[in-house]
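No value in this document is a laboratory result; all are computed from the given coordinates. It should be emphasised that the depicted structure is a prediction, and the values quoted were computed from it without experimental measurement. Here the Cβ positions follow ideal geometry from the backbone for every residue, glycine too, while neighbour counts run over all protein chains shown.
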Amino acid sequence: MNPELDYLPPRPRRLDHGIGCIGAGFIMRDCHLVAYHNAGFRVVAIATYPAGRARAEDVARLRQVPRVYDSVERLLEDPEVEIADVAVPPHAMLDVIRRVTAAPRRVKGVLAQKPLGMSYAEAREIVERCAQAGITLAVNQNMRYDQSVRALHCLLARGDLGEPVLATIEMRAIPHWKPWQKQYGWLTLRVMSIHHLDCFRFWFGDPARIYASVRPDPRSRFPHSDGICLYILEYDNGLRCSAWDDVWTGPAREGAESDIYINWRVEGIDGLACGTIGWPSYPEPVPSTLRFTSKRPPGCWLEPRWNKVWFPDAFEGTMAQLLIAVENQAEPEISGRDNLKTMALVEAAYRSAAERRAVSISEILEGG
């Protein structure tokens, strides 16, 4: 069994593609721009949405972005902007993409934050608009570039674990909800569970159906249906995947001690892999972990370690895969079209919870 694992993102040939950033919130300021600086990528401009300058100017000063624009349209006029990096709330995504695709001067690629809009229908329109405009679209499903997630993908691709039998993710963590989430009426499935659903797809491909059960989170007092989310994915080959996305985790913010973590586990016919996700400790940089064993020699536990972390290092990978696709005139690893299946899986989870039944992904993809 080879202990060497492919857990780092590939690198584009060029590092001088001009990146224009749309959005100036936390995820852009402290994740995208930090990762791009560390990777040597070239950010040339930033604008907020809706129009305005103050927040963008603050971020530009902090992260050494050369130019600030008053609007998305002005940023897109910049001849050095080849790539639009869009990090806006989901209710704004479709409008921003409409502006990007309608701009007289076309960018070559778009990296869009997840979720790709407010619904599967919006995501499909975004994908179609970019395709019609000849713009390469990638989606920032950044958990795919968490180091333990990518290392497990390597193990599975090599066959070290054999045929997968059961995979689980257990999240006991309190997310940093944003003010805009209070207006939606939904919460965890489309914002947090989407990471885990996309990772299951990354590891194992597309499931046949999903069964989901949800209840509100007692801590989040604004109206929502899906606070704590439990779900099972069924694959036609017998594989079962399951996740517990528990954003309550007990009264950890109300005076009790906390027990916060994210663990994952994959059992195969020939081996077993377990890991942790270091994200709940952010802003403390805690790397995710992996340990694995196999019937193949040496037959013991192997525990590789690395210094990189999901936030912000994984964001290098999501931009890099878009830059590589633009260079090669190819589909990105996390293309918009591929991400439609993740959005459909999320939509199926909502339908399953509402109707208390297993829902096939084809119901959503075929418009049923």
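Go through 104-111, 337-344 and give me the packing order, highest mean Cβ count within 10 Å leading.
Listed from highest to lowest mean packing, they are 337-344, 104-111.
How large is ³J(HN,Hα) for each residue in region 268-284, as worked out from phi by the Karplus curve 6.51 cos²θ - 1.76 cosθ + 1.60 (θ = phi - 60°), to whole Hz, x for Gly and Pro?
Karplus-based 3J(HN,Hα) across region 268-284 equals x, 4, 10, x, 9, 10, 10, x, 10, 10, x, 3, x, 8, 4, x, 5 Hz.
In which sequence would His195, His37, His32 go, from the one with the fewest C-beta neighbours within 10 Å to the one with the most?
Ordered by Cβ neighbours within 10 Å, fewest first: His37, His195, His32.
Students often check this: by mean Cβ neighbours within 10 Å, which of 312-318, 56-62 ranks highest, and how do the rest follow?
Going by the mean number of other Cβ atoms within 10 Å, highest first, we get 312-318, 56-62.
List the residues whose amide H sits under 5 Å from the amide H of Leu187, counting only those 5 or more places along or on another chain, with H placed 1.01 Å from N in the peptide plane.
Ser225, Asp226
Sort the following peptides by mean Cβ neighbour count (other Cβ atoms within 10 Å, averaged over residues), highest first: 274-287, 249-262, 73-86, 223-236.
My ranking of the peptides, most packed first, is 73-86, 223-236, 274-287, 249-262.
Once amide H atoms are built 1.01 Å from N in the peptide plane, which residues 5 or more positions from Gly278, or in another chain, come under 5 Å H to H?
Ser288, Thr289, Trp310
Take every DSSP beta bridge whose two residues both sit in the chain, then give the antiparallel share in percent to the nearest 5.
Among the beta bridges of the chain, antiparallel pairing accounts for roughly 55 percent.
Read phi for every residue in region 78-84 and hand back ³J(HN,Hα) as whole Hz from Karplus 6.51 cos²θ - 1.76 cosθ + 1.60, θ = phi - 60°, with x for Gly and Pro.
5, x, 8, 7, 9, 10, 9
Could you tally the net charge around Ile228, taking each other residue with its Cβ under 9 Å from the Cβ of Ile228, Lys/Arg +1 and Asp/Glu -1?
Here the charged neighbours net out to -3.
May I ask for the angle, rounded to the nearest 10°, between helix 120-133 and the longest principal axis of the chain, with both axes built from Cα atoms and the value confined to 0 to 90°?
In the chain, helix 120-133 runs at an angle near 50 degrees to the longest axis.
Can you work out the Karplus-derived ³J(HN,Hα) for every residue in region 203-215? Use 6.51 cos²θ - 1.76 cosθ + 1.60 with θ = phi - 60°, whole Hz, and x for glycine or proline.
My calculation for region 203-215 gives 6, 10, x, 8, x, 7, 7, 9, 10, 10, 9, 9, 8 Hz in order.
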